[in-house]
Structures are given as structure tokens and as C-alpha cells.
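Below is the structure I would like to discuss, written out as C-alpha cells.
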Amino acid sequence: MGEGGTPSRLRRLNSADVLAALYARGPRTLSEVSEATGLSRPTVEDVVDDFVGRRVVRELPPEPGGAGRPARRFRFAADEGFVAGVDIGVHTILVMLADLEGEVRHVLRTEVSPSQDAGGRLSATRRTLERCLTSSGVPAGRLRAVGIGTPGVVRDGTVTLCTVLPGWTGLNLPRALGSVAENVVVGNDANLATVAEHWRGAARHVSDAVCLLAGNRIAAGILIGGRLHRGHRGGAGELGLLPVLRWEGAPDRLLAAVSSAGDLASVFAAARGGEPEAVAAVETFTDDLATGAAALLLAVDPALVVVGGGLSRAGDLIITGLRKRLSSLCPHTPEIVAGELGDEAVATGAVRIALERATEPLFPSGLPI
């Protein structure tokens with residue numbers, strides 16, 4: 001690091017480098033941090049001791065054995081605070097509790113009725129979060145931030161349009177759920193699934209990707225240059241709002257076409273078993289999915305398509321057909337893979353945005369992971 005700038009600015013830069021070297025990287029000695037940052041050992045020791053006093057970094061007991069004075073070891077104090085990622089869906093509310101390094105400590109689901117009104121769904125969200133904290137033994141006061149994933153178009157925390165949750169359009173979720181934590185940050189569910197697959201899933205190694213998410217509706221998240229593309233008003237990827245692209249109502253048509261179906265998973269299971277009605281329904285659904293996906297791929301030209309959320313359970317049932325159909329619609333077909341995070345993708349993405357909010361004072365330039 002250069003030596004220019006005022007002492008206070010230099011101190012802040014050094015502190016940020018040291019903390020980044022400790023964050024989510026396990027125990028490190030002062031010498032290891034010095035080597036990772038390029039800072040002198042005395043500078044590192046001074047910064048680390050300050051962080052220990054502030055309970056941001058924790059000194060670990062010396063390792064047993066060895067000759068001479070044992071090296072001091074430190075790690076980021078990840079359990080000094082927690083964040084929660086919440087996926088508010090049509091049928092399920094899923095809460096994921098994680099420490100400040102994103103290590104998941106507990107996951108809890110609550111089933112809700114698709115016809116549940118907004119007030120009841122919000123109450124169920126609060127109860128599920130409270131139960132998750134209680135089950136984990138984490139006091140509510142140590143919850144630093146909550147990320148919320150929701151269907152619909154989201155702008156500045158408000159759901160400006162939602163077609164699948166009753167009474168949801170116009171709802172300001174930070175205001176409605178402000179009692180659960182000081183910081184509540186909200187994202188569209190397909191966007192958060194995309195964030196999650198880029199962070200810890202199938203899109204880890206690419207910077208341009210599209211994630212297709214299907215449940216009671218189909219939507220997409222778009223990653224460009226390693227950054228989520230939300231659009232000017234938060235509506236990027238909501239191709240299901242355009243009926244001609246055939247995403248609107250496609251999951252309902254899939255379920256209606258299979259007399260024995262209870263949910264999408266049962267349709268995919270029947271198709272995998274060769275049941276003719278289910279096989280035909282999945283082929284039609286894949287055609288519908290490809291129509292909207294082709295329009296998106298021609299506009300964005302990603303390196304990767306992730307078939308995520310509940311759709312990832314279908315595996316090659318969807319992916320093989322989608323690859324074939326897209327090859328006839330697009331001049332270049334990107335790699336198409338199943339998501340790795342399944343139905344926890346949205347909550348995982350919500351954990352990520354909650355982490356960013358909770359650690360913003362420590363990492364103003366963004367999380368170092």
C-alpha cells in the first residue's frame with residue numbers, strides 16, 4: 001500500500017486491508033496477515049489489537065506444542081452478530097440464519113396458504129424469524145440485518161407490482177417488518193436467486209449469467225459484468241408480464257395438464273418415471289420457458305444460464321429440452337446448468353444482501369468475498 005494521504009485516511013485503508021485478510025479466511029497469524037496485505041508486522045499488530053478491543057476480531061488461544069513463543073492467531077469475530085435471509089413465497093416462508101461471515105446456522109420453513117392476505121403473511125414471517133432465532137439460541141438484539149426476498153417488482157423496499165401474493169402490491173416491506181430488525185433490505189426473488197448462484201452456486205465462475213426461476217410464476221435474474229442488473233425501476237427480468245412470451249401462467253398450465261399433479265415436484269417425478277401425460281406437459285412447459293428465455297438471451301448474450309429454484313429439481317428433464325429449443329431460436333446457445341442451491345437460493349441471496357448491509361461500516365467498498 002502506498003504511503004500517500006493523511007494519517008487518518010491511511011489508517012482507514014490499512015484497517016480495511018487487515019480486516020479483509022481476516023474475513024472468512026479462518027485463523028491467521030500476524031505474519032500471515034502482513035504477507036497478505038503487504039503491511040509491516042507492527043502496523044498489522046496495531047490494527048489487529050484495535051479490532052480486538054472493538055470485538056470485531058478475536059484472538060485465539062495459542063496452538064499446543066512447538067518450541068519457543070507461539071504465534072498469536074486471530075480471526076474475524078463472526079458470531080458477534082447475525083443476519084437472516086427470508087424468502088417470502090406463495091406456499092412457504094423460509095428463514096435462513098447466518099453469522100457475519102455468512103455461515104448458515106439454522107434454516108426454518110413455515111407453510112402458508114396461497115390465499116393468505118398480506119397481514120397474515122407478514123405475521124407468519126415474523127413468527128418464523130422469531131422461532132428461528134429461538135431455536136438457534138440467538139438473542140434478537142444480535143440480529144444486525146434481515147434480507148427479504150419477495151415475488152414482484154421491488155424498488156426502494158416497496159413492492160410496486162406483484163401478481164401472485166394477495167395485497168402485496170404497494171407494500172413497503174422495511175416499514176412493515178421494521179420491528180424484526182433495525183436494518184431490513186428487500187430484493188426481488190429471482191434477483192436474489194441470481195446473487196446466490198453467483199456467490200455460492202452454479203454461477204460462481206462467470207460474470208455474465210441469467211438465472212431462470214419458476215414457482216407460481218416464471219422470472220429471471222440478470223448478471224452483467226459480475227453485478228446484478230435490476231433495471232431503472234427494479235423490473236429487469238420480469239418477462240412474465242408480457243403474455244406473448246408465454247411465461248405468464250406457464251406453471252399453472254403445467255399443473256393443470258397432469259391430472260395427478262400436486263405440485264411441480266410431483267409433475268417432474270411423474271415425467272422422470274415416463275408417465276406420458278407428465279412427459280407431454282413438461283415438454284410444453286419447456287417450450288414456453290424457451291420462448292421467453294430466447295428473447296432474454298438475444299438481448300443479454302450471457303455466458304451461462306442457470307435453471308434455478310424449484311426448477312433445478314427437474315434437472316435434465318428441463319435442461320436438455322431447453323438447450324435443444326434455444327439452439328433453434330438463438331444463433332449462440334450459452335451453457336445451461338441446474339442451479340446448485342435448490343429452493344434455498346432466494347433465502348441465500350437474501351443472506352448476502354443482509355450481510356452487505358450489516359457489514360457496511362466495516363467494508364464500505366463491499367464484502368471481500
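The values are calculated or read from the model by the stated rules, or taken from the named source; none is laboratory data. Since the model is a prediction, treat every value here as computed from it, not as a measurement. Because the Cβ atoms are built from the backbone with ideal geometry, glycine has one as well, and the counts that use them run over all protein chains shown. Calculation scope for accessible area: heavy atoms of the full protein, side chains included, ligands and nucleic acids excluded. Shrake-Rupley method; radii C 1.70, N 1.55, O 1.52, S 1.80 Å.
How about segment 3-21: which of its residues are under 32 Å from the mean Cα position of the chain (by Cα) and farther than 16 Å from residue 361 by Cα?
Hit for segment 3-21 is 21, nothing else.
Here's something else I'd like to know. Return only the number of the condition from (1) touching a residue at least 12 places away in the same chain (Cβ under 8 Å); (2) open to solvent by less than 60 Å² (accessible area, probe 1.4 Å); (3) not in a helix (DSSP H, G or I) that residue 271 does not satisfy.
Checking residue 271 against (1) touching a residue at least 12 places away in the same chain (Cβ under 8 Å); (2) open to solvent by less than 60 Å² (accessible area, probe 1.4 Å); (3) not in a helix (DSSP H, G or I), the one that fails is (3).
Yes/no per residue for (1) among the aromatic types (Phe, Trp, Tyr); (2) surrounded by 19 or more Cβ atoms within 10 Å (Cβ to Cβ); (3) touching a Pro at 6+ places or on another chain (Cβ under 7 Å); (4) free of Cβ contacts under 8 Å to residues at least 60 places away in the same chain:
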{"residue": "206", "(1), (2), (3), (4)": "no, no, no, no"}
{"residue": "210", "(1), (2), (3), (4)": "no, yes, yes, no"}
{"residue": "216", "(1), (2), (3), (4)": "no, no, yes, no"}
{"residue": "220", "(1), (2), (3), (4)": "no, yes, no, no"}
{"residue": "225", "(1), (2), (3), (4)": "no, no, no, yes"}
{"residue": "228", "(1), (2), (3), (4)": "no, yes, no, yes"}
{"residue": "233", "(1), (2), (3), (4)": "no, no, no, no"}
{"residue": "238", "(1), (2), (3), (4)": "no, yes, no, no"}
{"residue": "244", "(1), (2), (3), (4)": "no, no, no, yes"}
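What are the residues in segment 250-260 that are small (Gly, Ala, Ser) and either open to solvent by 30 Å² or more (accessible area, probe 1.4 Å) or in contact (Cβ under 8 Å) with a residue 60 or more places away in the chain (or both), if any?
256, 257, 259, 260
Between a first residue in segment 111-124 that is under 7 Å from residue 91 (Cα atoms) and in contact (Cβ under 8 Å) with a residue 60 or more places away in the chain and a second residue that is open to solvent by less than 20 Å² (accessible area, probe 1.4 Å) and not charged (D, E, K, R), which pairs have beta carbons less than 6 Å apart while being 6 or more apart in sequence or on different chains?
114/90
Restricting attention to segment 274-298, report how many residues are touching a strand residue (DSSP E or B) at 6+ places or on another chain (Cβ under 9 Å) and within 18 Å of residue 224 (Cα to Cα).
Final tally of qualifying residues: 3.
I'd like to check something: does segment 331-350 contain any residue that is open to solvent by less than 10 Å² (accessible area, probe 1.4 Å), within 18 Å of residue 221 (Cβ to Cβ) and without any contact (Cβ under 8 Å) to a residue 40 or more places away in the chain?
Yes, segment 331-350 contains a residue that is open to solvent by less than 10 Å² (accessible area, probe 1.4 Å), within 18 Å of residue 221 (Cβ to Cβ) and without any contact (Cβ under 8 Å) to a residue 40 or more places away in the chain.
May I ask you to list the residues in segment 293-313 that are touching a residue at least 40 places away in the same chain (Cβ under 8 Å), farther than 16 Å from residue 252 by Cα and not β-branched (Val, Ile, Thr)? So that I can check it myself, show each step before the final result.
Initially, segment 293-313 is screened for residues touching a residue at least 40 places away in the same chain (Cβ under 8 Å), giving 293, 295-297, 300-311, 313.
Retained after the next criterion (residues that are farther than 16 Å from residue 252 by Cα): 293, 295-297, 300-309, 313.
The answer is 293, 295, 296, 297, 301, 302, 303, 304, 308, 309, 313.
Looking at 95, 159, 90, which is the one that is among the aliphatic types (A, V, I, L, M), closer than 23 Å to residue 222 by Cα and buried (at least 19 other Cβ atoms within 10 Å of the Cβ)? Show your work before the answer.
Working: 95 fails: closer than 23 Å to residue 222 by Cα; 90 fails: buried (at least 19 other Cβ atoms within 10 Å of the Cβ).
Of the residues listed, the single one that is among the aliphatic types (A, V, I, L, M), closer than 23 Å to residue 222 by Cα and buried (at least 19 other Cβ atoms within 10 Å of the Cβ) is 159.
Given (1) modelled with pLDDT of 95 or more; (2) in contact with a Gly (Cβ under 9 Å, 6 or more places away or on another chain), where does residue 342 come up short, assuming only one miss?
Of the numbered conditions (1) modelled with pLDDT of 95 or more; (2) in contact with a Gly (Cβ under 9 Å, 6 or more places away or on another chain), the odd one out for residue 342 is (1).
Could you say which residue among 68, 141 is at pLDDT below 95 and open to solvent by 70 Å² or more (accessible area, probe 1.4 Å)?
141
Ok, one more. Considering only residues that are over 16 Å from residue 89 (Cα atoms) and in contact with a helix residue (DSSP H, G or I) (Cβ under 6 Å, 6 or more places away or on another chain), look in segment 180-196 and name the one that is most open to solvent (accessible area, probe 1.4 Å).
Step by step, filter segment 180-196, then rank; the result is 183.
Exactly one condition in (1) crowded, with 24+ Cβ neighbours inside 10 Å; (2) modelled with pLDDT of 90 or more is false for residue 177; which is it?
Here residue 177 meets the rest and fails (1).
Would you check if there is a residue in segment 55-66 being of a type in the set (Gly, Ala, Ser) and over 30 Å from residue 165 (Cβ atoms)?
Just the residues of segment 55-66 that are of a type in the set (Gly, Ala, Ser), to begin with: 65-66.
Cutting the leftovers down to over 30 Å from residue 165 (Cβ atoms) gives us 65-66.
Yes, that holds for at least one residue.
Determine whether residue 279 is closer than 21 Å to residue 191 by Cβ and open to solvent by 30 Å² or more (accessible area, probe 1.4 Å).
For residue 279, the condition - closer than 21 Å to residue 191 by Cβ and open to solvent by 30 Å² or more (accessible area, probe 1.4 Å) - is not met.
Could I ask something else about it? Could you tell me which numbered condition residue 303 fails, if it satisfies all but one of (1) open to solvent by 20 Å² or more (accessible area, probe 1.4 Å); (2) under 24 Å from residue 241 (Cα atoms); (3) under 21 Å from the mean Cα position of the chain (by Cα); (4) small (Gly, Ala, Ser)?
The one condition residue 303 does not meet is (2).
Given the criteria in contact with a Phe, Trp or Tyr (Cβ under 7 Å, 6 or more places away or on another chain) and over 30 Å from residue 143 (Cβ atoms), does residue 301 qualify?
no
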